[in-house]
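Q: I'd like to ask some things about the structure below.
The values are calculated or read from the model by the stated rules, or taken from the named source; none is laboratory data. As the structure is a prediction and not an experimental result, all values here were calculated from the model. Virtual Cβ from ideal backbone geometry, glycine too; neighbours counted across all protein chains shown. Just the protein is used for accessible areas: all its heavy atoms, side chains included, with ligands, DNA and RNA removed. Shrake-Rupley method; radii C 1.70, N 1.55, O 1.52, S 1.80 Å.
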Amino acid sequence: MEVQRFRRSVQGAIVLVLLYEGWRFSRFVAHFREGAPYVPRPPAVEAFLPISALVGLRSWTGTGVFDRVHPAGLAMLLAALLTAFVLRRGFCGWLCPVGTFSEYLGRLGIRLTGRKMTPPRFLDYPLRMVKFLLLAFFLKAIFLDMPAEAASAFISAPYNKVADVKMLDFWLSPSGLTLQVTGGLVLLSLFVQNAWCRYLCPYGALLIIAALVSPFKLKRDRETCIDCGKCNQACPSYIDIQGRSEVSSTECIKCFRCVTDCPVPDTLRMEPLGWKRISAAGYGILLLALFFSVLIAAKLTGHWTSAVDYREYQMLIPRAWMYTH
Ligand code: SF4
Ligand code: SF4
């Protein structure tokens, strides 16, 4: 299958699954608030609790106890980190629903304006640092300032237990400020490709750091390259592929759009550690296998479903608005 169709199918499937799980979660919450028929809580909604997952990681590394409240969130964080460590940032280009949304907004922007806009360098570079500053803030607050016992207490606190419910409420009844910020980001994403991922996503910044040692870099064969510039034009991360023999930029999200648009077969290719060439589709399969093997392992070993039981949710969910951190 042509790699872009494969990648978009993966992106589409993930978005559909998460929308379906989000709908099931809203029915789960409605059961406790409005007496709607009971729907079991889907653990996948914990994908939207990255900060809770980081606190879970802090607690696990400090106390040895795996997060029992949002174990799926921690499992997904570990899976994403593992993929970055081995395969660089394919998570952003293939699996992240926010990345997918950003990508399609960027495509829409190109369609509307008729060209790919390039942000000015003097603004682009400092803005790209913002995501690292946000990450540093979270890492300091969670890994330096928070003792392991405090992280453990946070995980067991009512606020964290209903953090997913509060997240649902946040998006179902957005404040004026939320709408303005989201609208601003949507608008920016029409003109700057992957604006959220490029400038603001601390999760992406974390994956960049994890990805530093991975050997999965695209290489450009100078002998066969005809300098047509199509790779640069296709790249949503504004990387100058044409000007280098190896794409070592941490902004590369392994979308393979450069490979798809390159008119000379095999000029852009991946040969990690001097292995045999790995095709773009092969990379995608490897990424999916690695990511989902962690999730399957979590499920098989009892690290997927929350230990918070029906009775506790019965008490917490109707009062979710009361709990703050
Ligand atoms: S270098 Fe290629 S694979 Fe990396 S982000 Fe740019 S287009 Fe995608
Ligand atoms: S698209 Fe391929 S041939 Fe054209 S400049 Fe890029 S690497 Fe060279």
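Q: Using the beta-carbon distance between residue 178 and residue 4 and R0 = 41 Å, what value does 1/(1 + (r/R0)^6) give for FRET efficiency, to the nearest 0.05?
A: After rounding to 0.05, the efficiency reads 0.80.
Q: While we're here: What lysines does residue 166 reach when the alpha-carbon gap must be under 29 Å and sequence neighbours fewer than 8 apart in one chain are set aside?
A: 131, 140, 299
Q: Full extension from residue 68 to residue 36: what is 0.36 nm times the residue separation minus their Cα-Cα distance, to one decimal in nm?
A: 8.9 nm
Q: Sticking with this structure for a sec: Using a 1.4 Å probe on the protein chains only, how many percent of the accessible area of the chain belongs to carbon and sulfur?
A: 66 percent
Q: Quick one: compute a quarter of the convex hull surface over the Cα atoms of the chain and quote it in nm². The partial results should precede the final answer.
A: Details: hull surface 73.3 nm².
The Cα convex hull of the chain, projected and averaged over all directions, gives 18.3 nm².
Q: Mean 1/r over all different Cα pairs, inverted: what Kirkwood radius does the range 169-275 give, in Å?
A: 15.9 Å is the Kirkwood radius here.
Q: Give the lysines reachable from residue 217 as a straight Cα distance under 21 Å; neighbours fewer than 8 places away on the same chain don't count.
A: Correct list for residue 217: 230, 254, 276.
Q: Considering the convex hull of the alpha carbon atoms of the range 254-311, report its projected area averaged over all viewing directions, in nm², one decimal.
A: Computed as one quarter of the Cα hull surface, the answer is 6.4 nm².
Q: Between the range 74-88 and the range 151-186, what's the alpha-carbon centroid distance in Å?
A: If you average the Cα positions of each part, the centres end up 24 Å apart.
Q: Hey, another quick one. Using a 7 Å offset from the Cα along the Cα-to-Cβ direction at both residue 169 and residue 23, what is the distance between the two label points in nm, to one decimal?
A: The answer from the label model is 2.5 nm.
Q: Give the peptides 196-206, 224-234, 97-107 in descending order of average Cβ contacts within 10 Å, highest first.
A: 196-206, 97-107, 224-234
Q: With a 1.4 Å probe and all protein chains left in place, how much accessible area per residue does the chain have, in Å²?
A: Normalised by residue count, the accessible surface of the chain is 51 Å².
Q: Please compute the contact order of the chain in relative form: average sequence separation of alpha-carbon pairs under 8 Å and at least six residues apart, divided by the residue count, as a percent. Walk me through the numbers on the way to the answer.
A: On the way: 437 pairs, mean separation 91.1, N = 325.
Relative contact order here is 28 percent.
Q: Unpartnered cysteines of the chain (Cβ-Cβ under 4.7 Å counts as a partner)?
A: 92, 96, 197, 201, 225, 228, 235, 252, 255, 262
Q: If R0 is 41 Å, what FRET efficiency do you get for residue 133 and residue 245 from their C-beta distance, rounded to 0.05?
A: About 0.85, to the nearest 0.05.
Q: Quick one: compute the contact order of the range 155-297, relative version, from alpha carbon pairs under 8 angstrom and 6+ residues apart, as a percent. Intermediate values should be presented prior to the final figure.
A: Details: 108 pairs, mean separation 28.2, N = 143.
So the answer I get is 20 percent.
Q: Okay, next question. Which is farthest toward the positive dipole end of the chain among 242, 206, 19, measuring Cα position about the Cα centre, with Cβ charges +1 (Lys, Arg) and -1 (Asp, Glu)?
A: Checking the options against the dipole of the chain, the answer is 242.
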